[in-house]
Amino acid sequence: MGRNPQSGGQLRPIDLARRHGLSTQAVRNYEEAGILPAAARTPTGYRTYTPLHARALTAFLALLPGHGHRTAASIMQAVNRGAADEAFQLIDESHAQLLDDRRTLRAVENALRDLAPGTAPGPASGPGALPGPTAGPGAPAEPERAAVPSSGGTFIGPLARKLGIRPATLRAWEQAGLLHPRRDPLTGYRVYDGADVRDARMTHQLRRGGYLLEQIAPLIAQVRAAGGPVPLEAVLDDWRSRLSARGRAMLTGAAELDAYLCERGRD
């Protein structure tokens, strides 16, 4: 019951579902969501679809890998209500996001390329230590010039000079969760070990590239979780492959959407 014989250009829900490897409920859900055009009904109330619906479903499924479910659905909904320009804008936004992701990847690769091992800045020469701005009320003044910390590493002043930035900038990065310096047991000053220096240099490179601290934080976390930039190369290779696959999927989706638009124009 409810499975009318296929005749002419009519398709039953089961025909559309089988053709695309879906359930009949999924097909009905897509229609109700506006991803497919509204189906005609038989006198007894059963849905009947046409090759245009099949083309719409093909287009939607092709858009999914490149744009994601929400954007792909919005594109199809816009097309089906006759708002093609709105659909094109959504596609443009997806391409812009892909380009931004590619630029982020390139920035990370460039930053990691600059992180040569064994280049942690050493202490500045000369006796004594000049106090810099305090980290807050009651905090000890930290040295702009200082001897080697008692526990190894480097103080904030020498690191800031090495990077060409102010000590206050390093403290801001710490507050943003990008750096995790320890405190020298004798002086209480911040001490940056090799990993901190690496993260500070990477942050500096990305900031110079225009990236916000909230954009940099997850990248630094990835480097830290990988144990350094070298293990992260596999992650970057995978990231690059995903971006390429996404770009290719967008091309496929565009071709299928164009075919659907052409068929809609003939109806």
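List of remarks:
- Within segment 198-229, being buried (at least 21 other Cβ atoms within 10 Å of the Cβ) and touching a residue at least 60 places away in the same chain (Cβ under 8 Å) holds for R198, R201, M202, L206, L219, V223, P229.
A quick yes/no check of all residues on (1) among the hydroxyl-bearing types (S, T, Y); (2) surrounded by 14 or more Cβ atoms within 10 Å (Cβ to Cβ); (3) modelled with pLDDT under 95; (4) in a loop (DSSP other than H, G, I, E, B):
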| site | (1), (2), (3), (4) |
| --- | --- |
| G34 | no, yes, no, yes |
| L57 | no, yes, no, no |
| S74 | yes, yes, no, no |
| D101 | no, yes, yes, no |
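- For segment 238-267, filtering for residues that are more than 30 Å from E109 (Cβ to Cβ) and touching a residue at least 12 places away in the same chain (Cβ under 8 Å) leaves 9.
- Residue list for segment 173-183, filter: within 20 Å of E214 (Cβ to Cβ), in contact (Cβ under 8 Å) with a residue 12 or more places away in the chain and not acidic (D, E): W173, A176, G177, L178, L179, H180
The values are calculated or read from the model by the stated rules, or taken from the named source; none is laboratory data. Values in this document were obtained by computation on a predicted structure and should not be read as measured data. For neighbour counting, all protein chains shown are included, and Cβ atoms are generated from backbone atoms with ideal geometry for every residue, glycine included.
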